[in-house]
Amino acid sequence: MRRCVMVAAGLAAFLLAGPAAQAGPSDNTLRWASDSEAANINPYYNNVREGVIHGFHIYDAPTYRDPATGEYRPHLAESVRLLDDTTIELVMRQGVVAHNGETVDGRDVAATVAFVLNPANRATAHNRFGWLAGAELVDDRTVRLKMVQPFGPWQEYLTTLLILPDQHLASAGVDGIAREPVGTGPYRVAELSPGRQTVLQRFDRYFGGAKGQATIERLIFRRMPERNTQIAELMTGGLDWIWRVQPDQARALRGRRNINVISGGTIRFHYLSLDAAGRTGRENNPLTDLRVRRAVAHAINRESILRNLVGEGSEVIHVPCHPEQFGCDSHVATRYEYDPAKARALLAEAGYPQGFEVSLAAYRERPWAEAIIGDLRAVGIRAQLRWLQADSFQTETRQGRVQMGFGSWGSSSVYDMAASTSYFFRNTPDDMARDDEVARLLELGDTTTDPERRKEAYAAALRRITEQAYWVPMVSFPLTFAHHGQLEFTPSADEVPRFYNARWKR
């Protein structure tokens, strides 16, 4: 808490120093920053939120989920129909042009699916394509997507199937599409300088579709790990838009001339994963003991973290999904209230009366991670923080080198439990529990189109996951944005700032 007070004091002093020159719409450019950056901008090689955002602007999918209504609308596709339990037929829109001048149609859909399903290409964002078995080209405009098996949330996932032009795929290959991304989206990549900046230029041949035509000409992104630096850049004109503004910073910014501060809830949530399966080694691994995992859950004061660090629009969650996602029933959960005395008793019962040492990997919201570490230390669990980049966090988790992992998950903006719980607990590369019964239940929920059967299976999976304390679900994630007062910007709960719908007031 002392660190937060010092940050707030430093920010207040900066703000009281007087007004500064503001950035604005004079060059029709929007400059934004975030604390993370995807190592590979291609949407099939990252799940980092900033990569998802760039994906929405550079690429398009056959359909589009309207963030205001939740309606699925045709986008690259002119029509979509389910032929049987495992076949989706798409008729693609005519006249769509990619950033490199290619005409995009059914052939590009088939090529994209073949590319991501080819093991030699090592695509990592399995949540986008793992439900597909292949694609059959009927004619130039018509393509049939074949599912591995019946898949309940196919409509949601179709909105994440971003199409890559087939000629560019063939000529550029895996490395080339990372260096020179080409899509059909409202913006094309004009500059890609990892670690420095990414510049997107409005694509004036964009077909519009459900997204509509972009108004702002250029988007300039910079990775900026320190939030106080972001605030300073916003105040001095170097940035026009920032997010993940902390509660103390938001209070200091509200009322400042020519700066708007807005907040809202999202479907992102934070979690603490535990090496229940012993992937880091089973010998002398306390986390393979249910009593220890329950002790960890009782040791963490999530209400305090929410109240002091997270801010408005958040809630403590008890299940490994967001309550707004289909199937996410928190009523079935075993709940672990904050109880340090019970945590210490469970540790002693498990044979660790003096606690133990453990590493905790994290990559964002560092003050929250530090608060967790403080709570754990209070009951004798001496956690050492390993601060990683987002991609390294995922790699180390998949390679079985994470004992505890403080992570964040936005479900690729998909409003279905298949995008959250199934991603982490269905014997996937990110599954740290490896519980075959949980995986079976989730598979059942994922592979039927009957909503009631899906709910029953998901509820049983959540009941077992929480009873076994495989995770400590933490809090849902609210977003607070601060941006230039002349910018017209509307946030959405799926955590995708749609800059193609933003505009400068004239």
Summed over the other residues with a beta carbon less than 14 angstrom from that of Val292, with K and R at +1 and D and E at -1, the charge totals +3
For Gly134, the residues 5 or more places away or on another chain with a placed amide H closer than 5 Å to its own amide H are Lys146
Expressed in angstrom and rounded, the centroid-to-centroid distance over alpha carbons for the range 101-134 and the range 327-347 is 41
Zone reached by a paramagnetic label modelled 7 Å from Ala345 Cα along Cα→Cβ, restricted to the range 282-323 with backbone N below 19 Å, covers 290-301
Normalised per residue, the volume inside the convex hull of the alpha-carbon atoms of the range 424-471 in Å³ amounts to 60
Once amide hydrogens are built 1.01 Å from N within the peptide plane, the residues lying 5 or more places from Arg386 or on another chain with amide H under 5 Å from its amide H are Leu360, Ala361, Ala362
The chain: antiparallel bridges as % of DSSP beta bridges, rounded to 5, reads 75
Subtracting the Cα-Cα distance of Thr236 and Asp175 from 0.36 nm times their residue separation yields 18.2 nm
Stretched fully, the stretch from Glu315 through Arg256 gains (0.36 nm per residue minus C-alpha distance, one decimal, in nm) 18.4 nm
If each K or R counts +1 and each D or E counts -1, the residues other than Pro153 whose Cβ falls under 10 Å of its Cβ total -2
Listed by chain and number, the residues whose amide H is under 5 Å from that of Asp35, excluding neighbours fewer than 5 places away on the same chain and using placed H, are Met224
At R0 = 56 Å the Cβ-Cβ FRET efficiency linking Asn100 and Gln384, nearest 0.05, sits at 0.70
For 276-286, 158-168, 305-315, ranked highest to lowest by mean beta-carbon neighbours within 10 Å, the order is 158-168, 305-315, 276-286
Here the convex hull volume per residue of the chain, taken over Cα atoms and given in Å³, is 134
Once Ser193 and Asp66 are pulled to full extension, the length gained, defined as 0.36 nm per residue separation minus their Cα-Cα distance, is 42.6 nm
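Each reported figure results from applying straightforward, stated rules to the coordinates on display, with no laboratory input. Keep in mind the model is a prediction, meaning the values are calculated, not measured. FYI the Cβ positions are ideal-geometry reconstructions off the backbone, even for glycines, and counts take in every protein chain you see.
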